[in-house]
Amino acid sequence: MMGLEVMAGGLLYLAAADIECRPRKIPTILITPLRTAVSYNFTKSREELGNFDIDTISPYGTGHNVKVGGLMEGEIRIESRVAQVQETYKFQKQACVHLDNVTIIVHSDPVIYVAREYAKGSCEQKAVIDHEKRHVDIDRAIVNEFSKTLENRIRAHLRQTGYVFGPFPVAGLPERQKKIQASLEKIIKDETAKMTATRQKRQQALDNADEYERVRLQCAGR
């Protein structure tokens with residue numbers, strides 16, 4: 001966080017009411033979907049994969065003993081940074097706060113697990129990988145949508161609040177800056193919750209009985 005002292009000779013004795021906080025520039029809003037290459041894990045058995053805690057539910061219901069041949073585990077992480085610049089008027093003990101930039105990185109780190117019972121290069125292994133890649137594609141589409149939606153929400157919010165705040169008493173500046181930060185963090189939190197719900201719904205839609213049957217039939221009779 002930077003401090004910028006303005007000390008022009010003709011302004012040293014301005015009354016606090018004469019201080020006007022004016023925007024210097026439009027803040028930079030940068031939201032980047034950052035996706036890593038898919039990692040693969042072939043070391044787990046079908047039984048071990050069945051013990052994984054996953055978000056989707058078997059389309060066959062809890063009464064059926066279904067062996068898991070593969071799954072996609074992918075964490076979506078949100079990393080955010082809000083930079084503010086304070087402009088202080090030392091003799092009036094007043095300050096302005098400028099929002100300089102908002103930087104958000106959306107991380108997607110998918111791992112595809114395939115049961116070790118499937119031989120390397122076998123039809124079964126390829127069929128499972130193909131299905132799990134569709135889960136990866138869903139996540140990547142959601143991350144892109146989320147990034148655009150979040151940027152639009154933040155820009156709309158700043159059009160309402162403005163990009164510069166104050167003047168405030170210098171003594172209360174940290175609290176004011178926390179409130180500015182908190183208002184942006186709330187938007188991120190709200191949109192992340194919506195994204196998580198959408199993600200679960202779309203991933204569950206892929207794991208249906210017809211899709212499982214399609215995967216099974218790819219290798220039937222081979």
* Filter result (within 27 Å of residue 101 (Cβ to Cβ) and in contact with a His (Cβ under 8 Å, 6 or more places away or on another chain)) within the range 176-222 -> 183, 184, 187
* To do: Would you be able to tell me the number of residues in the range 153-174 that are over 26 Å from the mean Cα position of the chain (by Cα) and either surrounded by fewer than 13 Cβ atoms within 10 Å (Cβ to Cβ) or more than 11 Å from residue 86 (Cα to Cα) (or both)?
  => 4
* Asked: In the range 199-215, which residues are in contact (Cβ under 8 Å) with a residue 40 or more places away in the chain and either of a type outside the set (A, V, I, L, M) or surrounded by 12 or more Cβ atoms within 10 Å (Cβ to Cβ) (or both)?
  -> 199, 200, 202, 203, 204, 206, 207, 208, 211, 212, 215
* Within the range 183-198, how many residues turn out to be loosely packed, with under 12 Cβ neighbours inside 10 Å and hydrophobic (A, V, I, L, M, F, W, C)? -> 2
* Which of the residues belonging to the range 128-138 are touching a helix residue (DSSP H, G or I) at 6+ places or on another chain (Cβ under 8 Å) and surrounded by fewer than 20 Cβ atoms within 10 Å (Cβ to Cβ)? -> 130, 134, 138
* Asked: closer than 21 Å to residue 183 by Cβ, among the basic types (Lys, Arg) and assigned to a strand (DSSP E or B) - does that describe any residue in the range 73-88?
  -> yes
* **Subset of the range 194-220 [of a type in the set (Asp, Glu) and touching a helix residue (DSSP H, G or I) at 6+ places or on another chain (Cβ under 9 Å)]** => 207, 211
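If a residue has to be in a strand (DSSP E or B) and among the aromatic types (Phe, Trp, Tyr) to count, how many in the range 89-110 make the cut?
In the first step, residues of the range 89-110 are kept if they are in a strand (DSSP E or B); the result is 89, 94-110.
Next, only the ones that are among the aromatic types (Phe, Trp, Tyr) stay: 89.
Residues meeting the conditions: 1.
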* From the set of residues in the range 41-50 that are surrounded by fewer than 14 Cβ atoms within 10 Å (Cβ to Cβ) and not in a loop (DSSP other than H, G, I, E, B), which is farthest from the chain's Cα centre (by Cα)? -> 47
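Values quoted throughout were computed directly from the atomic coordinates according to the rules given, and no laboratory measurement underlies them. No experiment lies behind these values; they were computed from the predicted model shown. Reconstructed Cβ throughout: ideal geometry from the backbone, glycine too, with neighbour counts over all protein chains shown.
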